[in-house]
Structure formats: C-alpha cells, structure tokens
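So the structure is just underneath, and the comments pick up after that.
The values are calculated or read from the model by the stated rules, or taken from the named source; none is laboratory data. This one's a predicted model, so the numbers in the text were calculated from it and none came from an experiment. Positions of Cβ are generated from backbone atoms using ideal geometry, with glycine treated the same way; all protein chains shown enter the neighbour counts. What goes into the accessible areas is simple: the full protein's heavy atoms, side chains included, and nothing from ligands, DNA or RNA. Shrake-Rupley method; radii C 1.70, N 1.55, O 1.52, S 1.80 Å.
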Amino acid sequence: MIDTHSHLLPGVDHGCPDLETSVLMAGAAAAAGVTTVVCTPHLPDWDSGLVREARRAIDEVRRAVAEAGITLTLLLGFEVAPAVASAVGQEEVQTLSIEGAAGAILLEMPYTGWPLLMEDMLFRLATSGFRPVLAQPVTGRNEHVGRRGQPRLRPDHEQLRRLRRRDTASRGGVPEHRVEPAQVGHVTPPLAVP
C-alpha cells in the first residue's frame with residue numbers, strides 16, 4: 001500500500017513535531033502494511049527555503065527510519081497550492097513533483113470553491129508532461145461543510161470532463177488516459193515506485 005499524502009516530516013509544516021514522532025509514525029505505517037509514504041508538506045507560496053528544509057528533513061527521517069530497522073520507502077513531494085503551480089516555471093514544478101512518480105504533482109484544494117483558472121492550470125500542467133493529483137477534493141463526514149461551517153469544495157464534474165476533452169484534443173484526439181469523476185483524488189495510473 002502507498003500513502004500518497006502524509007505530513008511525516010518533522011518541523012516542516014503542521015506534521016510531526018520532532019524526529020522521534022516521525023519514526024513512530026513511520027513504524028506504525030509499516031506495521032499497517034504501508035510500503036511507501038509520500039511526504040507532502042504544504043507549499044502555500046513559492047519558498048525555496050522550505051523546499052530545501054523538506055529535502056534536509058526527508059534525508060534525516062530516511063536515516064532514522066533505516067537505523068530503527070523499519071522497512072519503508074519515503075518519497076518527497078509537496079502539497080502545492082494551485083496559485084504556486086500556476087506561477088512557477090516547469091523546473092520548479094518538477095522540483096515539487098513526487099519523486100519517482102512520472103511528474104505526479106499533488107495540488108492542495110481549497111476548502112471552498114473551485115479556484116479561478118483551475119481548468120487552465122490543470123491543462124497547462126497535463127500538456128507539459130505533469131500528472132496533477134487533487135488532494136482531498138471532497139473530504140470529511142459532511143462533504144459540503146468545511147472549516148467554520150463554510151461550504152466545502154464540490155468538484156465540478158463537467159469541468160473535469162471538459163478538461164479531459166481538451167487534453168485529448170491537444171494530442172490529436174488520442175486519449176492517453178481517462179479522468180472520470182470517480183477517479184478524482186487518486187493517481188491514475190498507479191505511482192511508479194523506485
């Protein structure tokens with residue numbers, strides 16, 4: 001099993017408070033049958049310092065997990081705000097993509113609304129060779145209520161279908177893979193793990 005969205009890195013965002021907790025969480029994941037964890041700290045704004053800190057932290061956690069005898073592959077990715085993915089160049093997007101996942105990039109969805117120009121940003125990423133993955137497009141027990149009672153994001157399935165048609169047309173009508181509403185929030189096809 002692969003956990004594609006985890007805040008396992010210590011001190012990088014609201015995840016683990018320290019290395020000891022990271023190792024305990026890694027051990028619990030491995031004991032539950034998880035073989036790979038993608039560590040995805042939040043990236044609400046482009047911050048090269050946070051990217052460097054995440055790289056340092058994952059190296060530290062990888063060493064500690066190995067020393068503890070835990071068999072678990074840790075990959076680095078980021079939970080990227082759509083505004084960041086829209087504003088940075090391809091080199092930066094590649095930096096934020098999930099290691100070993102053929103350009104899969106995890107996009108953090110807001111708690112309310114579909115971001116302006118989201119369809120264009122997803123199209124740009126997809127036609128540049130990236131595989132956008134929507135983090136938590138609909139979550140929680142009451143999928144329509146988010147923080148402080150605000151309406152939660154409800155994916156616009158027609159927008160997703162339009163995006164699929166636009167992507168297919170850009171490749172001369174040859175579909176690479178289909179994106180159906182039931183697949184939103186999942187990586188299709190599965191991650192290629194090193």
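(1) crowded, with 16+ Cβ neighbours inside 10 Å; (2) on the phi < 0 side of the Ramachandran plot: which one isn't true of residue 100, the others all being true?
Status for residue 100: all satisfied but (2).
Could you grab me the full set of residues in the stretch 91-106 that are without any contact (Cβ under 8 Å) to a residue 40 or more places away in the chain and not in a loop (DSSP other than H, G, I, E, B)?
Of everything in the stretch 91-106, those that are without any contact (Cβ under 8 Å) to a residue 40 or more places away in the chain and not in a loop (DSSP other than H, G, I, E, B) turn out to be 91, 93, 94, 105.
Would you check which residues across the stretch 112-122 are farther than 26 Å from residue 75 by Cβ and touching a residue at least 40 places away in the same chain (Cβ under 8 Å) and list them?
Correct list: 112, 113, 114, 119.
Within the stretch 13-42, how many residues are within 18 Å of residue 107 (Cβ to Cβ), in contact with a helix residue (DSSP H, G or I) (Cβ under 7 Å, 6 or more places away or on another chain) and open to solvent by 10 Å² or more (accessible area, probe 1.4 Å)?
The total comes to 0.
Name the one entry in 17, 41, 10 that is in contact with an Asp or Glu (Cβ under 8 Å, 6 or more places away or on another chain) and without any contact (Cβ under 8 Å) to a residue 40 or more places away in the chain.
41
Restricting the stretch 65-75 to residues that are in a helix (DSSP H, G or I) and open to solvent by 20 Å² or more (accessible area, probe 1.4 Å), which is farthest from residue 40 (Cα to Cα)?
Restricting to residues being in a helix (DSSP H, G or I) and open to solvent by 20 Å² or more (accessible area, probe 1.4 Å), the top hit is 67.
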